[in-house]
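Step one of this worksheet: look at the structure below.
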Amino acid sequence: MGREEAKTPQSAIDNLTESRVLFGRLPLILVEVMLDATDRALIALLRENARIGHAEAARRLKLSRTTVQARVESLERRGVIVGYTLRLAEEVSRRMVRAHVTIVVAPKASAAVATALQRMPELRALHSVAGVFDLLAVVEAEDVPTLDAAIDKIGALEGVERTQSSIILSTKFER
């Protein structure tokens, strides 16, 4: 499979990372090395507002629209950007009840537990952690009874030995 000669530094990076499709995502350290200051600035802008148009992003970054479009496409193709999400309006988000649930998992049950947790729509995130607990789940619901039911459901999963929950009272800041 012949490769085209790299005409720009960006296309050279794209050629080097073409194997990502065959071998999965790139190691984080390699991705960070491949990101230049413009990529990092563009990613920061997209984190602020994933719906920003290429023209507006170009204006803010003092780049051409085609450059921004090419950079976004390259970041997506290389697996640096793997998707886009939404943020709820502050009024809606404030009404949600959230908790951090730490979970102790039985030996050799982590993969099955993680798969089961991924199917729960109330889970916003799942982290593997060091220490007494194995996992930390961020759970969100519209009210306390729904949150309580979700936490009970986590505790009832096969392979979950123990949970501990901390209800989030307020969020000081979130990025």
Could you tell me whether segment 100-144 comes out rounded, prolate or oblate from its Cα gyration tensor? Rule is a ≥ b ≥ c as square roots of the eigenvalues, rounded for a/c under 1.5, then prolate if a/b exceeds b/c, otherwise oblate. oblate
Taking alpha-carbon centroids only, segment 111-153 lies from segment 50-85 a number of Å equal to 32 Å
Using DSSP to call loops (not H, G, I, E or B), can you name the trypsin sites (Lys or Arg not before Pro) in segment 35-101 whose Cβ has at most 12 other Cβ atoms within 10 angstrom? Arg51, Lys62, Arg87
So which GluC sites (Glu not before Pro) in segment 114-175 pass both tests, a DSSP loop state and at most 10 other Cβ atoms within 10 Å of the Cβ? Glu158, Glu174
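Each reported figure results from applying straightforward, stated rules to the coordinates on display, with no laboratory input. Bear in mind that the values here come from a model prediction, so they are computed numbers and not experimental data. Cβ sites come from the backbone with ideal geometry, for glycine too, and all protein chains shown count toward neighbours.
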